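The values are calculated or read from the model by the stated rules, or taken from the named source; none is laboratory data. As the structure is a prediction and not an experimental result, all values here were calculated from the model. No Cβ is skipped: glycine too gets one built from the backbone with ideal geometry, and neighbour counts run over all protein chains shown.
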Amino acid sequence: MITSLEVNETNAMIEHENLDVRTITLGISLLDCISSDLEELCRNIRVKILARAKDLVKVGQRISSAYGIPIVNKRISVTPIALVGGAACKSPEDFVRIAKTLDRCAKDVGVNFLGGYSALVSKHMTNADELLIRSIPEALAVTDRVCSSVNVGSTRTGINMDAVRLLGHIVKETAERTKERDSLGCAKLVVFCNAPDDNPFMAGAFHGVTEGDAVINVGVSGPGVVKHALESCRGADFEMLCETIKKTAFKITRVGQLVAKEASRLLGVPFGIVDLSLAPTPAVGDSVADILKEIGLEHPGAPGTTAALALLNDQVKKGGVMASSYVGGLSGAFIPVSEDQGMIEAVEAGALATRRRRRSPASSPTRWPWA
Amino acid sequence: MQKTIITVVGKDAVGIIAKVCTYLANNQVNILDISQTIVGGYFNMMMIADTSTSNKTTEEVRHELHQIGQEIGVDIHVQHEGIFEMMHRI
């Protein structure tokens, strides 16, 4: 029988330490919507998304209320649109039409975001890939909930520098096009390498071509819970530190597994993966940087940062793997400066900067060739 | 059987258990286990109840107990047992 101690521990995590299920993401394949006629393509996309996702938000709310765990976002990811729209789109404007269709679908089913306005160009770009990339600034300016991503490299193929060069301009243009709204367009755009097919987190989520027709992926998060657990073992050795992170990661991931299984059952859609990631929000007490500080760093950016982060990631995965039947997605730590209070403090303290600090030759005993 | 965990947390007062139990009895919810402590004047109760025999849905029970909690100034949560089982049992 469950004891009151266990009940109190779980509820304290939820109420005081910001434990939540960050997202239930429904992946939907749009490959069977492809048509060479743009009108028909948009119609097919709309029919498929509305049919598949109509109950997603309702199911999310039902699970959230039954178990008393907040489910912050309900999202959809779709097949990369460069593949879906390649046959129908002859210009960036054509792709923007699809973006608008996706935006309307997202609003109609009530999801927070829809990801997959994407191109996978880690080796080379097709014509459709390039048109989609060129359409991104406009697409993100005229839509609210569509998220875009471009995979520009992989460990196997290296980095597609043509795509990187093009995206440099696209990122700036996206910022410019949405400058009245804090350049929000850029918050909905991700450029990355080694993009996984089953990532539930935005803005980089898309439904990869290796996936089935539809799938439920869940992302959990609880940096506050890990930090709080570490507070109780201050001054202890590394063994204790690692054990504590593992145990906490196990508990957090179990909640994700439960929610994923339940959502899969209620929606009649197969369960894909749980993404074991620590993702912060700007709220105080929901910071990954604070965990690094609790491990012993003065600030993220100080000597030891990489070691602390590697240790954290390693232990989170070791604890989480046993808690879930399928682990996937990115499964790492997201620590964007703009979304993590501890990172913001590190920048303000001067511990983190985008510019590499140069030592003047006079004060430097060694001349590093790359400095 | 539908095991449901009911937690009541708040400032201690006369009749908290009575209120909650009366509501449960009136709605055919069977109580399987109760534990209660008071720490620093704060009332902390956990109940395991079976809501499958109730004439109301768990959703209704959750909502109505929440309202009762607000009337007497305590927080009442009604949660499916699954989340605790998952988190604390392998």
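Any idea how many residues of region A:229-261 are of a type in the set (A, V, I, L, M, F, W, C) and either more than 14 Å from every other protein chain (Cβ to nearest Cβ) or surrounded by fewer than 16 Cβ atoms within 10 Å (Cβ to Cβ) (or both)? Qualifying residue count, region A:229-261: 8. Within region A:289-305, residues that are on the phi < 0 side of the Ramachandran plot sit with their Cβ atoms under 8 Å from residues that are β-branched (Val, Ile, Thr) and assigned to a loop (DSSP other than H, G, I, E, B), at 6+ positions apart or across chains, in these pairs: A:Ala289/A:Ile335; A:Pro300/A:Ile335. Can you find a residue that is closer than 20 Å to A:Val7 by Cβ, within 13 Å of the chain's Cα centre (by Cα) and touching a residue at least 40 places away in the same chain (Cβ under 8 Å) anywhere in region B:23-44? Yes, region B:23-44 has at least one match.
Would you mind finding the one in A:Ala214, A:Ala195 that is closer than 16 Å to A:Gly272 by Cβ, among the small types (Gly, Ala, Ser) and modelled with pLDDT of 95 or more? Give the derivation first.
Details: A:Ala195 fails: modelled with pLDDT of 95 or more.
Result of the check over A:Ala214, A:Ala195: A:Ala214.
If you check B:Arg62 against the conditions, is it among the basic types (Lys, Arg) and within 13 Å of the chain's Cα centre (by Cα)?
On the way: among the basic types (Lys, Arg): yes; within 13 Å of the chain's Cα centre (by Cα): yes.
So B:Arg62 fits the description; yes.
Filter region B:63-90 down to the residues that are touching a His at 6+ places or on another chain (Cβ under 9 Å) and either outside any strand (DSSP E or B) or surrounded by fewer than 19 Cβ atoms within 10 Å (Cβ to Cβ) (or both) and list them by number. Break it down stepwise before answering.
Filtering region B:63-90 for residues touching a His at 6+ places or on another chain (Cβ under 9 Å) gives B:65-66, B:69, B:75-78.
Residues satisfying the conditions are B:Leu65, B:His66, B:Gly69, B:Asp75.
When A:Ile2 is tested against (1) within 26 Å of the chain's Cα centre (by Cα); (2) free of Cβ contacts under 8 Å to residues at least 60 places away in the same chain, only condition (1) is not met.
Filter region B:39-49 down to the residues that are surrounded by fewer than 17 Cβ atoms within 10 Å (Cβ to Cβ) and within 14 Å of another protein chain (Cβ to nearest Cβ), then identify the one that is farthest from B:His77 (Cα to Cα). Before you say what the answer is, go through the steps one by one.
Of region B:39-49, the ones surrounded by fewer than 17 Cβ atoms within 10 Å (Cβ to Cβ) are B:39-42.
Imposing the further condition that a residue be within 14 Å of another protein chain (Cβ to nearest Cβ) reduces the set to B:39, B:42.
Details: B:Val39: 19, B:Tyr42: 16 Å.
The qualifying residue farthest from B:His77 (Cα to Cα) is B:Val39.
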